[in-house]
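Every read-out reported here was derived from the displayed coordinates using simple, explicitly stated rules and does not represent laboratory data. Just so we're clear, the structure is a prediction, and the values are computed from it rather than from any experiment. As a convention, Cβ positions derive from the backbone with ideal geometry for all residues, glycine included, and neighbour counts pool all protein chains shown.
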Amino acid sequence: MGQSVGAKKKVAILGAGKMGSILLQSLLRDGLLSPAQTWATVTHPERARLLKDKLKVHAGTDNQEAVQGADIIFLCVKPQVVADVVREIRAHLNEKQLVISIAASVPTDMIERALEKEVPVVRAMPNTPCVLGAGMTALCKGKFATRQHLEMATKFFDAVGRTVTVDEKHMDAVTGLSASGPAYIYIILESLAEAGVKVGLPRDVATLLAAQTTMGAARVVLETGDHPALLKDAVTTPAGCTIDGIMELEEGKLRVTLIKAVVKAVQRAKELAFS
Ligand SMILES: NC(=O)c1ccc[n+]([C@@H]2O[C@H](COP(=O)([O-])OP(=O)(O)OC[C@H]3O[C@@H](n4cnc5c(N)ncnc54)[C@H](OP(=O)(O)O)[C@@H]3O)[C@@H](O)[C@H]2O)c1
């Protein structure tokens, strides 16, 4: 159980879609939020009903009702609708509340300008593995947010994985690397599993081998702090099997492809909110 950072506060989650509901469910599960104090909104009334039935939170389609008297407001709508939602709710917001935006691409000053008052804003960029407490979230604070606001926001995301504070100028880079990253890793996993099938393994065994190997390698990097290149060298016996596999990866330009994938995603993150 996590510390009940939000349990005594009214918390509104505006846009409880894929990422919003991952956060909502995980924070409820860990006791960071209590259903009675949590309001969630979506656009489709039937989705609101599902959230209400499943999670026992207050759920609806009325953002203004959700934010009234809320201590913390999570903005989890698509980047292109953040400004509209902020304009819709701003009459009900004041300097004592905290807005936490998880929208890719949307700078804190864009939200602050739309709010038209000095409401503290923290920007966070989580990823979907938050669903299992294995998320990665980077956070930064806006002009009117204090260190305490940043700490409060960080506590929510600490409950669902690791957190790091970065300068806001790095948030698009974070988006392209760790927020989009799970998709890249799933493609790598799918490909490794497919390779296992190609060499005769049953698909379920191949998927298990690929996923556990990926997790194991990632844990070694995180827990030893060793450079990935050194760890790779330790697997690569002279004239052994791994070096033959690595040669294929180099020929297939895996490294440069991954680098270019992140660079493209970051470029898109820079333009999303303004498109
Ligand atoms: N997916 C990720 O991995 C990820 C990671 C980090 C950050 N993010 C950020 O999270 C945000 C949401 O992404 P997503 O992937 O979760 O998208 P999503 O599944 O489409 O969720 C968006 C949600 O917003 C709701 N919505 C739309 N307009 C609204 C409004 N005016 N008022 C209240 N709710 C409204 C939608 O309602 P309905 O369900 O009724 O359509 C939907 O539930 C984006 O800004 C994205 O950049 C996503």
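Structural remarks
- Global geometry of segment 14-86, whether rounded, prolate or oblate, following the gyration tensor of its Cα atoms and the 1.5 cut on a/c: rounded
- Tilt relative to the chain, helix 203-224 - C-alpha long axis, 0 to 90 degrees, to 10: 80
- Cα-centre dipole for segment 129-184 with unit charges at Cβ (Lys and Arg positive, Asp and Glu negative), debye to 20: 120
- When you count the other C-beta atoms within 10 angstrom of each residue and take the mean per peptide, 202-209, 106-113, 167-174, 9-16 line up highest first as 9-16, 106-113, 167-174, 202-209.
- Under the convention that each Lys and Arg Cβ holds +1 and each Asp and Glu Cβ holds -1, the size of the dipole of segment 81-178 around its Cα centre is about 160 debye.
- Dipole size of the chain about its Cα centre, with +1 on Lys/Arg Cβ and -1 on Asp/Glu Cβ: approximately 640 debye, rounded to the nearest 20.
- Put simply, when 213-226, 181-194 are sorted by average Cβ atoms within 10 angstrom per residue, most first, you get 181-194, 213-226.
- Binned Cα-Cα distance frequencies in the chain - 5 Å width, integer %: 1, 5, 11, 15, 17, 14, 11, 8, 7, 5, 3, 1, 0, 0
- Spatially proximal aspartates and glutamates relative to K8 (Cα-Cα < 15 Å; intrachain offsets below 8 disregarded): D30, D71
- Inter-label distance for K54 and L222, nm, one decimal - labels placed 7 Å from Cα along Cα-to-Cβ: 2.5
- With both labels modelled 7 Å from their Cα along Cα-to-Cβ, the K8 to D62 distance reads 2.8 nm.
- Distance in nm between pseudo-label sites at F274 and L258 (7 Å out along the Cβ direction from Cα): 3.1
- Taking other residues whose beta carbon is less than 11 angstrom from the beta carbon of P107, and scoring Lys, Arg as +1 and Asp, Glu as -1, yields +1.
- Extension gain, A195 to R113, is 24.4 nm, computed as 0.36 nm per intervening residue step minus the present C-alpha separation.
- Sorted ascending by nearby beta carbons within 10 Å, beginning with the fewest, L33, L115, L230, L258 become L230, L258, L115, L33.
- Amide H contacts under 5 Å for L98, placed H, 5+ residues apart: I72, I73
- When each of the peptides 119-127, 246-254 is scored by how many other beta carbons lie within 10 Å of its residues on average, the order from highest to lowest is 119-127, 246-254.
- Tilt relative to the chain, helix 45-55 - C-alpha long axis, 0 to 90 degrees, to 10: 70
- Dipole of the chain, positive direction: furthest Cα of A36, T207, C76, with charges on the beta-carbon: A36
- Shape of segment 11-168, Cα gyration tensor, a/c cut at 1.5: oblate
- Euclidean distance of C-alpha centroids, segment 1-77 and segment 181-254, integer Å: 38
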